[in-house]
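Here's the structure we're looking at; comments come further down.
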Amino acid sequence: PPHVIFDPSSHHTEECYVILRGQGTMTLAGDEVEVKAGMFVHLPPWCEHGIENTGDETLEVLICTSPPNP
């Protein structure tokens, strides 16, 4: 939903984010990056990250992890 925030966290997995719809701000290892539909973001293991939907529509994100989370 619009204006939702997922607080920063980190995981033992490598992650890839594909922004499918909407726009937002990702926090990546303390830096803020504006993201929008069509963008790809790669996160190495233990990279602290979070995302905030800064738009007025749903922010839709495809997340892939390797190895898979249990």
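Read-outs throughout are calculated quantities, based only on the coordinates presented, and are distinct from any laboratory measurement. Keep in mind it's a predicted model, so treat the numbers as computed, not measured. Methodologically, a virtual Cβ is constructed for each residue, glycine included, from the backbone with ideal geometry; neighbour enumeration extends over all protein chains shown.
Among the residues of the stretch 31-53, write down those that are under 14 Å from residue 6 (Cα atoms) and either of a type in the set (A, V, I, L, M, F, W, C) or surrounded by fewer than 10 Cβ atoms within 10 Å (Cβ to Cβ) (or both). Spell out how you get there, then give the answer.
Step one: of the stretch 31-53, the residues under 14 Å from residue 6 (Cα atoms) are 32, 48-53.
If the condition is that a residue be under 14 Å from residue 6 (Cα atoms) and either of a type in the set (A, V, I, L, M, F, W, C) or surrounded by fewer than 10 Cβ atoms within 10 Å (Cβ to Cβ) (or both), then 51 is the only one that fits.
Looking across the stretch 1-27 at every residue that is surrounded by 14 or more Cβ atoms within 10 Å (Cβ to Cβ), farther than 20 Å from residue 54 by Cβ and not hydroxyl-bearing (Ser, Thr, Tyr), the one that is nearest to the chain's Cα centre (by Cα) is identified as 15. Within the stretch 54-70, the set of residues being under 16 Å from residue 9 (Cα atoms) and surrounded by 15 or more Cβ atoms within 10 Å (Cβ to Cβ) is empty.
Conditions (1) hydrophobic (A, V, I, L, M, F, W, C); (2) free of Cβ contacts under 8 Å to residues at least 24 places away in the same chain; (3) part of a loop (DSSP other than H, G, I, E, B), marked per residue:
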| residue | (1), (2), (3) |
| --- | --- |
| 3 | no, no, yes |
| 12 | no, no, yes |
| 15 | no, no, no |
| 25 | no, no, no |
| 41 | yes, no, no |
| 46 | yes, no, yes |
| 61 | yes, no, no |
| 65 | no, no, no |
